[in-house]
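The values are calculated or read from the model by the stated rules, or taken from the named source; none is laboratory data. As the structure is a prediction and not an experimental result, all values here were calculated from the model. Backbone-built Cβ (ideal geometry, glycine too); neighbour counts: all protein chains shown. Heavy atoms of the whole protein, side chains included, go into the accessibility calculation; ligands, DNA and RNA do not. Shrake-Rupley method; radii C 1.70, N 1.55, O 1.52, S 1.80 Å.
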Amino acid sequence: MTDKEKNTIAQTEIIVTGFGGQGIILAGKILGMAASLGDHKESTLVQAYGPESRGGACNAQVIISNTPIHYPYVQYPDILIAMSQAGYDKFAGQITEDSILLIDQDLVPTVDAPCPAYAISSTRMAEKLGNKMMANIIMVGFTTAITQLVSTSSAEDMIAKSVPKGTEQKNIAAFTKGYDYGLSTLKGRERKAAGQTGAIV
Amino acid sequence: MTMHNKESSPIKIILFLCNWGAHAAYQTLQDEQRPIPDEVHMVRIPCTGRIDRALLLKAFSMGGDGVALVGCDPGTCRYGTGTATAQRNTKDTGMILDLLGLGSDRLRFASFLPDESEKLLLFLETFLHDLQQRGKTSIQPAVGAQPVTNIPMNAGPELQQLIAAHDIYACQDCGKCSSACPLALIGKPFSARGIATAAIAGNLNDESVKENVWSCLTCGLCYERCPSAVNFPKFIKELRHLYKQNNKLGDETHGGFLHALMRSMASPELTPNRWQDIPQELQVDQKSNILFYGGCAPYYDIFFNKHLDVHTEKILFDAIRLLNFFDVHPRLLKDERCCGHDLLWSGDKECFLQIARLNADRLNSLGIDTMITSCPECYMTFNTTYPAHGLALNFEVIHLYEFLEKEIDRSAVSFKPLAKNITFQDSCRLTRLEDKPELPRQLLDRLSPESFQEMQESGRAAVCCGNSAWTGCDSYSKAMQVKRLEQAQDTGADLLVTACPKCQIHLKCAMEDPLRLNKLSIDMQDLTSVIAQSISWK
Ligand code: SF4
Ligand code: SF4
Ligand code: SF4
């Protein structure tokens, strides 16, 4: 993370985008609630309803801040989480150099962002874990590891409270999966920067 | 044994003395009543080149503290190449002695002309002096099987117990085992059922049965197919023990060198000296609670360097590289011993138990929580065989592939394209005896080769590499290996990926067939090494 990014942590503006049925709104809600209820910060959530929630483009706008938030709409996201190509395309123009882009690499094959981008196969991983519907939770885990946006314990608490009864364990496992993968991604970048790409040096 | 004991029992030097030039020098010493040390025990031999590495090692395991191989100068050998062979054998065996922690300087080659008697005497005195400084070796004579000669093996309670314990009576005589057995299929007059019947009928002394007991590969294919679940490999293992107890010799390959080597590791006082040649860049941490167990690969590399160009120790280094890649800096055991697998599976249960107890005590004292090994035999032996023999381990034993699968699955890594068409040789221990055919395959599926094509028989049905526990290797084993290599060729592969160092050794041996050299030859690499080469951070 650059210094600039750290400074903007006081107020972080997030857009989660994808298509209806992916649990995009829930992902945004978990992030916002983890920040406010778990980490005792301020947060807002604006969700896009309407035809969008039935398979079309869909998004959640979340703001997390140390101080009261006066305006809940996000114009230039500090973090853009994209789980569909259409969703990415819609907000691509609002990304700045200081943003962080997080994508499902299988669903967003083409990106051309001016900012650091991190990719994960969240949907495929969710399928392997037994339920495609947990891709959003994997994405929350991935986001938590890469951006440190919320604490892991708050995120886990909020997941346990938000998902259908009886699926808590599975969803926590999905969160961990995304989180581990995020940490590993950061480690891999560090290693590569240090010139250690493979096992044989 | 205490130091005091060591000093009080005299040093023993075994002098293998060539009949020709050097013996004349020795005779001069005798004729002139020169003081040849009492510690020197001379064995007159036709040529130093005839003392192979197995014999050299045996001299130590039978009580020698030093071995001198004394003959003729290179170029003056009556048989031409004897001296060169002796020097090479001395060098190889010396390297093994270093690994065993005994020191290569306990084995010396020297040459003397007939008139160099005083030089010979000086050589012997110096050798003795050096050995007196070093003390006796820590190898104790092998315990070996306790003969039970008073009980005829055919009717004895031991045999009855074996038959009962392994449910041999449950055999329905259906013949499924023979139709799966690779030895029978290649045309060897061999039948698992036949051995079972012979055991029941009390015909264990028949020549053919005696031979067949040592030929079985204990590969488990028959057990896989048997409708009555007759665990034939296990039965054979115990039967071999019974044969050994009755002084019936096994059919050990390579002059018994490898068994002698492994038996010497049953000596409690022996302190092996492993991992001296570990590449500098590998990171290990002697305080780690994860131990990496290497196994016998480096011994094999030394022993087979003359005929087969095998580098199985590299697999161990690549395994450590992969652990390092995932931030594990494992502990290594400098005094690592053999796990005992081959001793147990060749009927030497006593030595196995002795090694196993030493290992269990040592390993349990380390305070580790995990042992990782890349050798399928070590894995099976520690994971399953030790506990089955009442030796509990206070840590978890996992195969490197399990570790890798778990780490890769949660990491942001990818695999560089591998410009090879690959196929895979299963390890009988990992795939069948431990029932984990999926372990290597999960990893194989992650690679990006040009193509991956399984052989005609693969996974649980895979044919083994043709030998197990270094016993009973014959022309049928070779025929079987040739068939297996042809299957590999038939897939169109140009790289045969293996999972056991021994598969590489045995299959490489078959590739040396001079008549089929070009047809059979295929590159081999262990899966561990393939992964180490191609894994990378995303
Ligand atoms: S497969 Fe089993 S039951 Fe059939 S002959 Fe062989 S040992 Fe007997
Ligand atoms: S263990 Fe293998 S070699 Fe031995 S009898 Fe069974 S199939 Fe044949
Ligand atoms: S196949 Fe070759 S290396 Fe293996 S036991 Fe037989 S002779 Fe020895």
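For chain A, what does the relative contact order come out to in percent, with C-alpha contacts under 8 Å and a separation of six or more?
19 percent
Considering only C-alpha atoms, what is the centroid distance from segment B:66-105 to segment A:111-171, in Å?
65 Å
Along the charge dipole of segment B:156-245, which of B:174, B:198, B:214 sits closest to the positive end, that is, farthest toward it, with unit charges on the beta carbon of Lys, Arg, Asp and Glu (+1, +1, -1, -1)?
About the Cα centre, the residue reaching furthest to the positive side is B:214.
Pick out, from B:51, A:183, B:231, the residue whose Cα sits farthest towards the positive end of the charge dipole of the protein assembly as shown, with +1 on the Cβ of Lys and Arg and -1 on the Cβ of Asp and Glu.
B:231
Quickly estimate the mean residue ellipticity at 222 nm for chain B, helices only: each DSSP H run with n ≥ 4 gives -39500 (n - 2.57), and the total goes over all residues, rounded to 500.
So the calculated ellipticity at 222 nm is -12500 deg cm²/dmol.
At 1.4 Å probe size, what's the solvent-accessible area of residue A:17? Round to the nearest 10 Å².
It works out to around 0 Å².
Quote the charge dipole size of segment B:328-404 about the Cα centre in Debye, to the nearest 20; the model charges only the Cβ of Lys and Arg (+1) and of Asp and Glu (-1).
My answer is approximately 160 debye.
Going through segment B:196-241, which trypsin sites (Lys or Arg not before Pro) have at most 15 other Cβ atoms within 10 Å and a DSSP loop state?
Loop-located and lightly packed - none at all.
How big is the Cα convex hull of the protein assembly as shown in projection, averaged over all directions, in nm²?
Dividing the Cα hull surface by four gives the mean projection, 40.6 nm².
Can you work out the FRET efficiency for the pair residue B:438 and residue B:280, with r the C-beta to C-beta distance and R0 = 30 Å, to the nearest 0.05?
Efficiency at R0 = 30 Å is approximately 0.25.
Computed over the Cα atoms, what is the radius of gyration of segment A:131-186 divided by 2.2 N^0.38 Å, N being its residue count?
Normalised Rg, Cα atoms only: 1.02.
Which residue, chosen from B:354, B:294, B:366, occupies the Cα position most advanced towards the positive end of the dipole of segment B:261-382, where the dipole is computed from +1 (Lys, Arg) and -1 (Asp, Glu) charges on Cβ about the Cα centre?
Of the listed residues, the answer is B:354.
Output needed: percent of Cα pairs per 10 Å distance bin for segment B:409-537, bins running from 0 to the one holding the longest distance.
Each 10 Å bin holds this share of Cα pairs: 13, 44, 32, 9, 1.
Based on the Cα atoms of chain B, what semi-axes does the equivalent ellipsoid have, where each is the square root of 5 times one gyration tensor eigenvalue, given in whole Å with the largest first?
40, 29, 24
With +1 on each Lys and Arg Cβ and -1 on each Asp and Glu Cβ, how big is the dipole of segment B:372-467 about its Cα centre, in debye rounded to the nearest 20?
With only Lys, Arg, Asp and Glu charged at Cβ, the dipole is about 140 debye.
Across chain A, where is the longest run that never hits chymotrypsin sites (Phe, Trp or Tyr not before Pro) in a DSSP loop with at most 16 other C-beta atoms within 10 Å?
A:74-201
Determine the dipole magnitude for chain B: charges of +1 sit on the beta-carbon of Lys and Arg, -1 on that of Asp and Glu, nothing else is charged, the reference point is the Cα centre, and the result goes in debye to the nearest 20.
I would put it at about 480 debye.
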